[in-house]
Structures are given as C-alpha cells and as structure tokens.
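Just below is one structure, and these are the notes that go with it.
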Ligand SMILES: Cc1ncc(COP(=O)(O)O)c(C=O)c1O
C-alpha cells in the first residue's frame, strides 16, 4: 500500500517555481505543459515540511550554526544508502552543486586552463568553464544508436595533447541517466591521476538509482580516484528540495582539501543556511520511504512513456536511463532540424521540454523529458506528442 500520493496534480503557479513561472522567459509562452527543469511536481515528504514549520514557529531567524546532527545525517545516509564512508572533516557545505563546481574551477585552475566535459551533458558545466575564461575540452560520449559509453581513448588523447587541468564528470550522467561502472571510473581515475588532473564529480543524481542498481561514487573506486576527486552531492534532487539549496562536498585527499577548504571557509562559501540544514536533515533522517515510493512511481512513468511511444509514435525512441527522472528522447528519425523539432513540441504539442542541443551539439535531434510528474500529466503530454507527430506526417 502506498503511503504517499504522487498522482494528484498540484498547482505550482505563483510559487516562484522556475518550471512554471519561468516559462515566458525560457520559452516565450506560458500556455504549455512544463516538463523541463529537473525538479519534481510531487509534494515532498511531510516530515520535511513539518521540521521547517516547527522551526518557523520560533519568531527569531538570526545567524545560525549547523548542528552536529546535520553533518551526521549526511554521513549516515551515504553509508547506509551507498556504503560510502565519509568523515566529518572530509565533508563541507556548498551553496549549490553548480556553485560548488564554479568554486572548484576558480580555486584549482587558472584562466586559459583546459577543462574536460563529456557532452551531451548538463549545460552549466560548459557555462561555468566558459564564464570563468577557461577552455572547454570536449570528449563527447560515444553513441551506437541505442547506448552511450565513455570514450576513454578520446579522453587519453585530450590529456596527451591538451594537458587539461581538470575534468568535470557527471556520475550519474545527466541528461542520459548513465551510472558509470567501476571499470570506467577506475580508468578515468588512473588517467587523470597520472596527468595530475582534478576530477570534479557531480553526483547529484546518485540517490536516484533505478532497477535495483547501485550508485558508485567516483571517489570510492580506487586510491587514484581518492587522490583526485572533488565530489559534489545534495539532497535536492533526491527529496525534491532544490529550493532549499543544501548541497555538500567531499574531498578525501588531505592535500587537495587543505587549501581549498580553508579558502571556502575564509570566504564563507561553506556557511550553511538555517532553512537548508533543517530541511536536509529531516530529509536524510525521515525521507527514505518517500524516496523509495517516488522512485517506484518514476520507474513506472519511464516504462509508461517507453511503451506509449513504441505503440503510438513511430520514429520517437526513449533511451532508457539507469538513474533519475529525466528521459532522453531521440526524434532523429523524423528528419527535422532542431528548430523545427522544438517548434513542433512547443507550438504544436504545447510542451516545454529541454532542447537536446543545449547539452551540446551532440544533442541535436533529441529532447529531455522530465517524467517527475503525475501520470495523468504525462499521459496528456504523450497524447499531444502523438497528435503533433501524426499531423506532421500527414502534412509531409
Ligand atoms: C547534473 C546536475 N548537477 C547540478 C544540478 C543543479 O544543482 P544545484 O541546484 O545544486 O546547483 C543539476 C540540476 O538539474 C544537475 O542535473
């Protein structure tokens, strides 16, 4: 029997939700169903809102210090959920995962340094590198039409020719939902350690494993990984609390950590915020049953989309994710330009989805669909895609 309700449609308009209230700015219209930015349309675990409410019953909201129990809740969760052991000194707060990447880029590299990314990948990686006047070095994923893999030879070639300072790894990899295997991660660690590089591993989707898979933190795979890794995580995707901004960082290597953590501290980049520590601790301590039910619902949504497309929309294929609630849809068989594809989805199907090309030019012909929404919303969106594609074919 399910305890939580993921089927009810919650009106999020007017709550400053980027997904809804940011539609005009992002898509130029708001009369569309938003299935883009990566948060969930589900109510959070009630223990989280109860903990926040309890604190807000006190009328003074002064400066605050994170209690030991907050740090311990992160440590306990990682050990319990992933067998990932971290100590208090290895752990720090960061004001968001993208900001954490920006902080690492600024601290560990200089203007003009090369930083490797593996597109199609979460677009802020490129924006952080370019915005900080570092060089983007692309090692695109390999794609055989069904599956994506990491191009390890390509990575070695870039290391040998461009001498990058850093690599930003996405593990699991957004937008495709790949959990990299131990062997791949070990090889990345060996190559990067040999080259004296740092690997910033964004593991924000790590709690969202599907089909009984296990998350493999990059830093956990070998001594070399331990030497080079800056790991970033958060309860934000896991428990649908990105608005609270409660991300964390782990650096295991004492040499790597010392200067960096000192720099974060003197600039107060590592200072937790009252509301985020309360929300995060409640989530880590009381949210597991909610998470497991949410993942089961998302799993069924992913199958629902896949089955619907196979039965009703020839020419559109879903690439099955191993983690998370984002689905990479391949529209290439329709033979449209990216502009035509986005016009079809936005103006004909009335859906706001992420344009695949924002994740790199390798994403042309693709879009990213967020299935973290009630099934009835998803069903309606699929009907709209079917009708738009049928109309397109009828007019061709
Ligand atoms: C891979 C990845 N990293 C980071 C973020 C954003 O994290 P934050 O809001 O903590 O910056 C997202 C959000 O979609 C993401 O998919």
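The values are calculated or read from the model by the stated rules, or taken from the named source; none is laboratory data. No experiment lies behind these values; they were computed from the predicted model shown. Note that we place each Cβ from the backbone using ideal geometry, even for glycine, and neighbour counts take in every protein chain shown.
Numbers at a glance
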quantity	calculated
Enumeration of residues in segment 203-212 that are more than 24 Å from residue 263 (Cα to Cα) and either touching a residue at least 24 places away in the same chain (Cβ under 8 Å) or within 16 Å of the ligand (Cβ to nearest atom) (or both)	205, 206, 207, 208, 209, 210, 211
Test: residue in segment 92-105 that is more than 12 Å from the ligand (Cβ to nearest atom), within 13 Å of residue 166 (Cβ to Cβ), in a loop (DSSP other than H, G, I, E, B) and touching a residue at least 12 places away in the same chain (Cβ under 8 Å)	no
Residue within segment 173-180 that is under 27 Å from residue 84 (Cβ atoms) and away from the ligand (no atom under 16 Å from the Cβ) present	no
Enumeration of residues in segment 292-319 that are touching a helix residue (DSSP H, G or I) at 6+ places or on another chain (Cβ under 7 Å) and surrounded by fewer than 19 Cβ atoms within 10 Å (Cβ to Cβ)	304, 312, 315
In segment 213-244, residue farthest from residue 38 (Cα to Cα) [restricted to those that are in a loop (DSSP other than H, G, I, E, B) and either modelled with pLDDT under 95 or within 14 Å of the ligand (Cβ to nearest atom) (or both)]	215
Flag for residue 84 being assigned to a strand (DSSP E or B), buried (at least 18 other Cβ atoms within 10 Å of the Cβ) and modelled with pLDDT of 95 or more	no
Candidates 65, 50, filtered to the one that is surrounded by fewer than 16 Cβ atoms within 10 Å (Cβ to Cβ) and either within 16 Å of the ligand (Cβ to nearest atom) or modelled with pLDDT under 95 (or both)	65
Conditions (1) within 18 Å of residue 114 (Cα to Cα); (2) surrounded by 13 or more Cβ atoms within 10 Å (Cβ to Cβ): number failed by residue 176	(1)
Any pair with Cβ under 8 angstrom, 6 or more apart, that starts in segment 160-182 at a residue that is over 10 Å from residue 121 (Cβ atoms) and ends at one that is at pLDDT below 95 and within 12 Å of the ligand (Cβ to nearest atom)	none
Subset of segment 328-365 [within 16 Å of the ligand (Cβ to nearest atom) and touching a residue at least 60 places away in the same chain (Cβ under 8 Å)]	328, 352, 353, 354, 356, 358, 359, 360, 363
Condition check for residue 86: within 20 Å of residue 246 (Cβ to Cβ), touching a strand residue (DSSP E or B) at 6+ places or on another chain (Cβ under 6 Å) and near the ligand (Cβ under 9 Å from one of its atoms)	no
The listed residue being more than 16 Å from the ligand (Cβ to nearest atom), under 24 Å from the mean Cα position of the chain (by Cα) and closer than 27 Å to residue 160 by Cβ, out of 81, 126, 135	135
Selection from segment 262-274 of residues that are away from the ligand (no atom under 15 Å from the Cβ) and either within 30 Å of residue 16 (Cβ to Cβ) or buried (at least 18 other Cβ atoms within 10 Å of the Cβ) (or both)	264, 267, 268, 271, 274
Any hit, segment 148-158, residues being away from the ligand (no atom under 16 Å from the Cβ), in a helix (DSSP H, G or I) and within 16 Å of residue 204 (Cα to Cα)	no
Criterion: buried (at least 20 other Cβ atoms within 10 Å of the Cβ) and closer than 30 Å to residue 319 by Cα - qualifying residue of 97, 136, 105	97
